[in-house]
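Colleague: After the structure tokens below, expect a handful of questions from me.
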Amino acid sequence: MTIPLASAIHAFLAPGARHRNDASTFSDSSVERHPEPLPRGLALEWLGTAGFRFSYEGFDLFVDPYFTRPSLLRTLGRDPLHASERLIARHAAKADAVLVGHTHFDHALDVPLMSRMYGATVYGSSSLTNLMRLHGLGHRAIEVVPGNVLAIGPFEVTFVESVHAKLLAGLRVPFDGELSCDHLDDLRGSAYRCGRVFGIHIAVAGATFYHQGSANFLADRLVHRHVDYFLCGIAGRGFTPRYVERILHRLSPRVVIPHHFDDFFRPLDAEMGFSLNVNLGGFVEEVQRVSADFRVRTWPMGTALGREPKLATQPCR
């Protein structure tokens, strides 16, 4: 077990210095400064936390979208959390399909309302289908089978069995187990249990992407190699032995795009903050120690990069 004690002490004693270092790393590694061309017609947007939007041929595919972002106090309280239609509409004009890697609140809170607003089909675990049923939307949820390739619009998607980082002192996964509430009024932050965990492989327009929403994985389940873009969740990686080294050797990505390092208790419309002990700067150094061949590129939050031709919207399949 690897506990980043020295890093944590430094972050708590000098939060301003850590913030400045992370902000500098974010700017220095920006894809706007070091362009990484996407396939023609494909647009990719980082939504904050572990969320991404892929747009291709008029089809909008979301992964772990999280727009509502209630405060820490609100999230830890006893009242239920409610997704915000206003905030979802502000940041997402439409959604054709939504993929969910696990059902913690910062990955799944907004998904049922997005499905209701836009008619999106959602894909994920039995915990996700339970959540959708609570909202009266069970018919729009598909419980996935790991390893099966799904044709979703112009995308080919494969859910890969995975595990969550043990964020509680390296001993336990927070809010582990199945999401099993019987009433919407019971859906406080802690009720969003993790459920089954997946990495997600996405192929589109001749390019491949791998999304890892939590910094842990099952090596024997991860069969994909030489992906073009690794969307790498980095929160909690210090509790997973040699996480960066092992998963980079496994995936051999051309480009590494870190995520889940922002302060997701801060509204999206506010200036981006950094989670206290994620240490984005340290992550870039860890990648370079594995190999200088891996290119780390930070993606600007809320900006779709790439070219998206204006085509007619396709129905969700």
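Colleague: Hey, can you tell me all the residues within the range 289-305 that are crowded, with 21+ Cβ neighbours inside 10 Å and not in a loop (DSSP other than H, G, I, E, B)?
Modeller: Val296, Thr298
Colleague: Which of the helices (runs of 4 or more DSSP H) found entirely inside the range 45-129 contain at least 2 residues meeting this: among the charged types (D, E, K, R) and surrounded by fewer than 24 Cβ atoms within 10 Å (Cβ to Cβ)?
Modeller: 85-91
Colleague: What number goes with the only condition from (1) surrounded by fewer than 23 Cβ atoms within 10 Å (Cβ to Cβ); (2) closer than 28 Å to Ala169 by Cβ; (3) of a type in the set (A, V, I, L, M); (4) touching a residue at least 40 places away in the same chain (Cβ under 8 Å) that Ile234 does not pass?
Modeller: Here Ile234 meets the rest and fails (1).
Colleague: Could you list, in sequence order, the residues of the range 133-156 that are surrounded by 14 or more Cβ atoms within 10 Å (Cβ to Cβ), hydrophobic (A, V, I, L, M, F, W, C), in contact with a Phe, Trp or Tyr (Cβ under 8 Å, 6 or more places away or on another chain) and in a loop (DSSP other than H, G, I, E, B)?
Modeller: Val144, the sole residue that qualifies.
Colleague: Looking at the range 243-272, which of its residues are farther than 28 Å from Leu72 by Cα and either polar (S, T, N, Q) or at pLDDT below 95 (or both)?
Modeller: Once the filter is applied, which keeps residues that are farther than 28 Å from Leu72 by Cα and either polar (S, T, N, Q) or at pLDDT below 95 (or both), the range 243-272 yields only Ser252.
Colleague: With the requirement that a residue be touching a residue at least 12 places away in the same chain (Cβ under 8 Å), of a type outside the set (Phe, Trp, Tyr) and either assigned to a helix (DSSP H, G or I) or surrounded by fewer than 21 Cβ atoms within 10 Å (Cβ to Cβ) (or both), what does the range 276-288 give you?
Modeller: Result: Leu276, Asn277, Leu280, Gly281, Gly282, Val284, Glu286, Val287.
Colleague: While we're looking at this one, here's another question. Would you please name the residue that is nearest to Ala83 (Cα to Cα), looking only at residues in the range 174-186 that are over 21 Å from the mean Cα position of the chain (by Cα) and not charged (D, E, K, R)?
Modeller: Leu184
Colleague: Hey, another quick one. Out of Gly189, Gly213, report the one residue that is over 24 Å from Tyr243 (Cβ atoms) and not hydroxyl-bearing (Ser, Thr, Tyr).
Modeller: Details: Gly213 fails: over 24 Å from Tyr243 (Cβ atoms).
Within the list Gly189, Gly213, the selection yields Gly189.
Colleague: Step by step: first the residues of the range 251-275, then only those that are assigned to a loop (DSSP other than H, G, I, E, B) and aliphatic (A, V, I, L, M), then the one that is surrounded by the most Cβ atoms within 10 Å (Cβ to Cβ). Which residue is that?
Modeller: Once the filter is applied, the top-ranked residue is Leu268.
Colleague: Only one of (1) touching a strand residue (DSSP E or B) at 6+ places or on another chain (Cβ under 9 Å); (2) crowded, with 19+ Cβ neighbours inside 10 Å; (3) basic (Lys, Arg) is not met by Arg221, so which one is it?
Modeller: Here Arg221 clears every test but (2).
Colleague: If Pro315 satisfies every condition in (1) modelled with pLDDT of 95 or more; (2) part of a loop (DSSP other than H, G, I, E, B) but one, which is the exception?
Modeller: All conditions are met except number (1).
Colleague: So the check is Cβ under 7 Å with 6+ separation or different chains; which pairs have a first residue in the range 185-200 that's under 26 Å from Leu150 (Cα atoms) and in contact (Cβ under 8 Å) with a residue 24 or more places away in the chain and a second one that's in a strand (DSSP E or B) and of a type in the set (Ser, Thr, Tyr)?
Modeller: Hits for this filter: Val197/Ser162; Phe198/Ser162; Gly199/Ser162; Gly199/Tyr210.
Colleague: Further question on the same structure: Of the residues in the range 192-208, how many are surrounded by fewer than 19 Cβ atoms within 10 Å (Cβ to Cβ) and either in contact with an Asp or Glu (Cβ under 7 Å, 6 or more places away or on another chain) or in a helix (DSSP H, G or I) (or both)? Spell out the reasoning first.
Modeller: Kept after step one, since they are surrounded by fewer than 19 Cβ atoms within 10 Å (Cβ to Cβ), are these residues of the range 192-208: 203, 205-207.
In the following step, the residues that additionally are either in contact with an Asp or Glu (Cβ under 7 Å, 6 or more places away or on another chain) or in a helix (DSSP H, G or I) (or both) were identified as 203, 207.
Final tally of qualifying residues: 2.
Colleague: Would you pick out the residues in the range 187-217 that are aromatic (Phe, Trp, Tyr) and within 13 Å of the chain's Cα centre (by Cα)?
Modeller: Scanning the range 187-217 gives Phe198, Phe209, Tyr210.
Colleague: Just to be sure I understand the filter: pairs with C-beta atoms under 8 Å, separated by 6 or more residues or on different chains, first member in the range 58-70 and closer than 10 Å to Leu87 by Cα, second member basic (Lys, Arg) and at pLDDT 95 or above. Which pairs pass?
Modeller: Going by the 8 Å Cβ cut-off, the qualifying pairs are Phe67/Arg90; Arg69/Arg266.
Colleague: While we're here: Would you call Leu168 among the aliphatic types (A, V, I, L, M), surrounded by fewer than 17 Cβ atoms within 10 Å (Cβ to Cβ) and free of Cβ contacts under 8 Å to residues at least 12 places away in the same chain?
Modeller: Taking the combined requirement at face value, the residue satisfies it.
The values are calculated or read from the model by the stated rules, or taken from the named source; none is laboratory data. Not measured: the values here are computed from a predicted model. FYI the Cβ positions are ideal-geometry reconstructions off the backbone, even for glycines, and counts take in every protein chain you see.
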